[in-house]
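A short write-up of the structure that comes next.
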Amino acid sequence: MARLPIICYPDPRLHTKAKKIEQVDDSIRRLAADMAETMYAAPGVGLAATQVDQHVQLIVIDVSEDKSKLQTFINPEILARDGECEGEEGCLSVPGIYENVTRSAWVRVRALDLNGQPFELEAEDLLAVCIQHEMDHLQGKVFVEYLSRLKQTRIKSKLTKHMRITA
Ligand code: NI
């Protein structure tokens, strides 16, 4: 396994739309394992392939406290959603920024697992929010795009300055 570099907002590659995975093979399983290692090391509770510059529909999530519940979603689709919840979100691609975002409070998702088998899952609270956040990445959307233009501009300039200092 290997840790992968995470690309950071406002990198335009974050706006790439991920392609469906046609075949779940060893290269996908290796990417999923590397993404999990990258997510745990960061540390974060979710990571989309988009964030490691691999534009395929693959996300890894672990919202458990002891980091024992890794979940992998390939080609995820939201079948149903209900309710609303607002919570503070951050993103490994937008370091140091936390802002409130409103999302569905409950979702039913269909995806493939690492054996290429379809499964369905109902999620609420943190897991539901995380699934929606990561699925947005696959569509090329970063959570800051839910914020006002003014806030987005501020975040961009803050992160760009940050990049200059650390480059
Ligand atoms: Ni993110």
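The values are calculated or read from the model by the stated rules, or taken from the named source; none is laboratory data. None of the values given here were measured: they were computed from a predicted structure. All Cβ positions, glycine included, derive from the backbone under ideal geometry; neighbour counts span all protein chains shown.
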| (1) of a type in the set (A, V, I, L, M, F, W, C); (2) more than 20 Å from Leu47 (Cα to Cα); (3) in contact with a helix residue (DSSP H, G or I) (Cβ under 7 Å, 6 or more places away or on another chain): which one isn't true of Ala80, the others all being true? | (3)
| remark: When (1) modelled with pLDDT of 95 or more; (2) surrounded by 13 or more Cβ atoms within 10 Å (Cβ to Cβ); (3) over 26 Å from Glu145 (Cβ atoms) are applied to Lys67, the one that fails is (1)
| Pick from Asp82, Asp25, Asp53: which is under 20 Å from Val142 (Cα atoms) and not small (Gly, Ala, Ser)? | Asp53
| task | Only residues that are of a type outside the set (Asp, Glu), away from the ligand (no atom under 16 Å from the Cβ) and outside any strand (DSSP E or B): list them for segment 81-112, please. | result | Gly83, Ser104, Ala105
| field | Which numbered condition Ala111 fails, given (1) in contact (Cβ under 8 Å) with a residue 40 or more places away in the chain; (2) surrounded by 15 or more Cβ atoms within 10 Å (Cβ to Cβ) | value | (1)
| In this structure, does Asn75 turn out to be polar (S, T, N, Q), part of a strand (DSSP E or B), under 21 Å from Leu127 (Cβ atoms) and in contact (Cβ under 8 Å) with a residue 40 or more places away in the chain? | yes
| field | In segment 44-64, residue farthest from the ligand (Cβ to nearest atom) [restricted to those that are among the aliphatic types (A, V, I, L, M) and crowded, with 24+ Cβ neighbours inside 10 Å] | value | Leu58
